[in-house]
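Reviewing the structure listed below.
The values are calculated or read from the model by the stated rules, or taken from the named source; none is laboratory data. Being a predicted model, the structure only gives us computed values, none of them experimental. When we count neighbours, we look across all protein chains shown, and the Cβ atoms used for this are built from the backbone with ideal geometry, even at glycine. Surface accessibility is based on the protein's heavy atoms, side chains included, excluding ligands, DNA and RNA. Shrake-Rupley method; radii C 1.70, N 1.55, O 1.52, S 1.80 Å.
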Amino acid sequence: MSQTIAVIDFGSQYTQVIARRIRECQVYSKIYHYSTTAEQLKADGVVGIILSGGPSSVFAKKAPIPDRGIFELGVPVLGICYGIQLMGHLLGGKVSRSDHREYGHGTLTIRRPGRLFAGLPKKLRVWNSHGDRLIKLPPGFTAIGTTDNSEFAAIEDLKRNFYGIQFHPEVFHTEGGVDVVRNFLVGVCNAAQDWTTADFIRRAVADIRATVGKSRVLLGLSGGVDSSVAAALIHKAVGRQLTCVFVDNGLLRQGEREQVVSLYARNFKIDVRVVDASAIFLRRLKGVTEPEQKRKIIGRTFVEVFEKSLKTIGGAEFLAQGTLYPDVIESVAIGNNPAALIKSHHNVGGLPARMKLKLLEPLRELFKDEVRAVGTACGLPREVVWRQPFPGPGLGVRVVGEITRERLEILRKADAILQEEMMETGWYWKVWQSFAVFLPVKSVGVVGDERNYAYVIGLRIVESIDAMTADWTRLPYELLQTISSRITNEVRGVSRVVLDISSKPPATIEWE
Ligand code: XMP
């Protein structure tokens with residue numbers, strides 16, 4: 001059993017990010033609702049407490065206030081943002097109400113490094129997001145860091161091992177943030193750094209078993225990283241109680257369906273049911289050219305087909321989804337009530353409510369890179385774990401204009417050549433996405449002595465960190481030449497290959 005750090009949640013959208021930073025330090029943490037009693041924390045043997053930020057003011061009528069007994073447990077406490085204000089408010093200092101929010105970067109000047117700022121430079125660029133601030137120290141505390149806005153931006157009570165910081169050490173934009181967290185965990189709390197991906201898997205497997213019992217679980221498998229890792233994890237926990245449904249919407253890449261089926265059914269002995277719905281999808285998309293309309297038809301049809309297939313399988317109590325924390329992060333606080341904060345953004349919108357299925361989302365606390373680590377540890381191959389993203393509407397948004405079987409076939413062949421060459425040269429792993437786009441433009445070419453009036457294929461190869469912005473990849477000319485000449489030579493119906501050199505913004509990654 002690892003030593004536990006308690007993260008007390010006051011409704012901050014960063015609470016999970018704090019937990020993630022703690023995992024990065026190989027320390028085990030657990031998120032607790034702010035109303036958890038000190039006794040409970042004691043019974044769980046916590047070795048340190050972090051008070052999260054939150055949208056509330058300590059003066060608000062329904063401000064979330066923790067059990068004061070947590071300050072009597074004799075364990076170190078670190079208050080972040082709302083957390084430092086709570087410490088000020090509850091331990092005898094003074095917090096000033098402010099309508100003016102300080103939001104964004106500031107410079108923290110460290111007055112006394114102590115244990116919290118050990119090894120860090122004297123000045124740090126830190127990220128703030130708060131309204132109220134501490135204006136008088138509680139007894140026993142001294143200021144160890146200041147900003148232009150606050151004399152008490154970082155405080156400590158050495159005797160009780162209490163620390164408070166106004167900035168957010170957990171966010172990516174704070175310099176040395178993870179070092180501050182590590183200093184608290186290891187330097188102050190003496191927490192053991194023994195929490196690993198294998199531990200996460202062990203705990204997740206035990207939780208899934210306890211939740212699911214003898215019931216059956218259904219999972220919509222797309223072949224992408226998230227649903228694949230969720231499937232592997234759930235299968236590890238409950239084996240044949242899991243049934244995966246893979247919908248062939250007719251908009252898949254070359255060989256994709258066969259690859260998914262053979263990977264899961266043969267290698268992992270997972271029960272995968274393929275639903276071939278390509279005819280319905282293509283029929284409904286006939287004659288449709290407007291991108292948003294295409295997306296809507298594909299989305300709606302997917303839900304319909306999926307729902308129907310679940311009914312025919314029947315007898316399941318749980319619907320599993322590969323929801324990750326970033327899918328949940330945009331949630332809004334309802335009435336400033338932290339308990340109501342996290343609203344799940346379902347991947348398959350509306351299904352569970354209508355079908356009375358309970359949701360099972362074993363990855364909902366993890367970030368993409370952590371999911372990849374879990375996938376690797378569960379034995380999924382690199383091709384799955386490090387797979388490039390593929391949009392839900394599939395090739396439907398890569399055939400510009402009307403979707404027909406002929407156009408899909410041309411695109412599949414061109415795309416397969418591009419992927420082959422990217423894999424062969426190792427470039428596939430270096431870029432964010434690389435794919436072909438079918439352009440409904442005919443251009444004149446020449447084959448032998450004959451005129452070849454045929455379509456154009458666009459190559460879209462981009463680099464990105466999070467898909468919010470992207471730049472086109474400068475592939476070597478020789479590689480581009482190989483791809484281009486293979487496509488024009490090997491794919492009937494293509495006379496020309498063009499390279500997309502637009503960045504995002506102003507373009508987007510996909511063409512539709
Ligand atoms: P855009 O084209 O908006 O794409 O720059 C950003 C990233 O999102 C992927 N994408 C989608 N993924 N459903 C998805 O699951 C969709 O409808 C969808 N549209 C775009 C795209 O491939 C890129 O990685």
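Does the range 93-106 hold any residues that are open to solvent by less than 70 Å² (accessible area, probe 1.4 Å) and either in contact with a strand residue (DSSP E or B) (Cβ under 6 Å, 6 or more places away or on another chain) or assigned to a strand (DSSP E or B) (or both), and which are they?
Within the range 93-106, 93, 95, 96, 102, 104, 106 meet the criteria.
Could you go through the range 74-82 and let me know if any residue there is more than 21 Å from residue 101 (Cα to Cα), surrounded by 24 or more Cβ atoms within 10 Å (Cβ to Cβ) and at pLDDT below 95.
No, every residue in the range 74-82 fails to be more than 21 Å from residue 101 (Cα to Cα), surrounded by 24 or more Cβ atoms within 10 Å (Cβ to Cβ) and at pLDDT below 95.
I'm told residue 393 meets every condition in (1) in contact with a strand residue (DSSP E or B) (Cβ under 6 Å, 6 or more places away or on another chain); (2) within 16 Å of the ligand (Cβ to nearest atom) except one. Can you identify the failing condition by its number?
With respect to (1) in contact with a strand residue (DSSP E or B) (Cβ under 6 Å, 6 or more places away or on another chain); (2) within 16 Å of the ligand (Cβ to nearest atom), residue 393 is out only on (1).
Out of the range 449-459, which residues are under 13 Å from residue 488 (Cα atoms) and either within 16 Å of the ligand (Cβ to nearest atom) or not in a strand (DSSP E or B) (or both)?
Within the range 449-459, 458, 459 qualify.
Report every pair of residues separated by at least 6 positions or lying on different chains whose Cβ atoms are under 6 Å apart, first residue within the range 276-302 and within 20 Å of residue 406 (Cα to Cα), second open to solvent by 80 Å² or more (accessible area, probe 1.4 Å) and within 11 Å of the ligand (Cβ to nearest atom).
Taking only residues 6 or more apart or on different chains, not a single pair turns up.
Considering only residues of the range 177-200 that are of a type in the set (D, E, K, R) and in a helix (DSSP H, G or I), which is surrounded by the fewest Cβ atoms within 10 Å (Cβ to Cβ)?
199
What are the residues in the range 405-429 that are more than 14 Å from residue 253 (Cβ to Cβ) and free of Cβ contacts under 8 Å to residues at least 24 places away in the same chain, if any?
424, 426
Under 8 Å by Cβ, and 6 or more places apart or on different chains, what pairs join a residue from the range 369-396 that is in contact (Cβ under 8 Å) with a residue 12 or more places away in the chain and of a type in the set (A, V, I, L, M) with one that is within 11 Å of the ligand (Cβ to nearest atom) and assigned to a helix (DSSP H, G or I)?
Close Cβ pairs (under 8 Å, with a partner that is within 11 Å of the ligand (Cβ to nearest atom) and assigned to a helix (DSSP H, G or I)) amount to 371/226.
Which one of 97, 23 is under 28 Å from the mean Cα position of the chain (by Cα) and among the basic types (Lys, Arg)?
Sole residue among the options that is under 28 Å from the mean Cα position of the chain (by Cα) and among the basic types (Lys, Arg): 23.
Could you check the range 398-410 and list, in sequence order, the residues that are open to solvent by less than 30 Å² (accessible area, probe 1.4 Å), within 15 Å of the ligand (Cβ to nearest atom) and farther than 16 Å from residue 283 by Cα?
Within the range 398-410, 398 is the sole residue that qualifies.
Of the residues that sit in the range 412-448 and are within 29 Å of the chain's Cα centre (by Cα) and assigned to a strand (DSSP E or B), which one is surrounded by the most Cβ atoms within 10 Å (Cβ to Cβ)?
Only one residue fits best here, namely 436.
Return yes or no: is residue 88 assigned to a helix (DSSP H, G or I), over 20 Å from residue 181 (Cα atoms) and of a type in the set (Gly, Ala, Ser)?
yes
Kindly establish whether residue 303 is assigned to a strand (DSSP E or B) and surrounded by fewer than 20 Cβ atoms within 10 Å (Cβ to Cβ).
Considered against the rule, which asks whether it is assigned to a strand (DSSP E or B) and surrounded by fewer than 20 Cβ atoms within 10 Å (Cβ to Cβ), residue 303 comes out as no.
Residues to consider are 295, 266, 284; find the one that is within 16 Å of the ligand (Cβ to nearest atom), farther than 30 Å from residue 11 by Cβ and open to solvent by 20 Å² or more (accessible area, probe 1.4 Å).
The conditions single out 295.
Here are the criteria: (1) open to solvent by 10 Å² or more (accessible area, probe 1.4 Å); (2) of a type in the set (A, V, I, L, M); (3) in contact (Cβ under 8 Å) with a residue 40 or more places away in the chain; (4) not in a strand (DSSP E or B). Tell me which single one residue 65 does not satisfy.
Every condition holds for residue 65 apart from (3).
Residues being of a type in the set (Gly, Ala, Ser) and either within 16 Å of the ligand (Cβ to nearest atom) or touching a Cys at 6+ places or on another chain (Cβ under 8 Å) (or both): count how many of those fall in the range 460-512.
6
Cβ contacts < 9 Å: first residue of a type in the set (Phe, Trp, Tyr), restricted to the range 460-478; second residue at pLDDT 95 or above and more than 14 Å from the ligand (Cβ to nearest atom), any location; separation 6+ or different chain. Result?
472/499; 472/501
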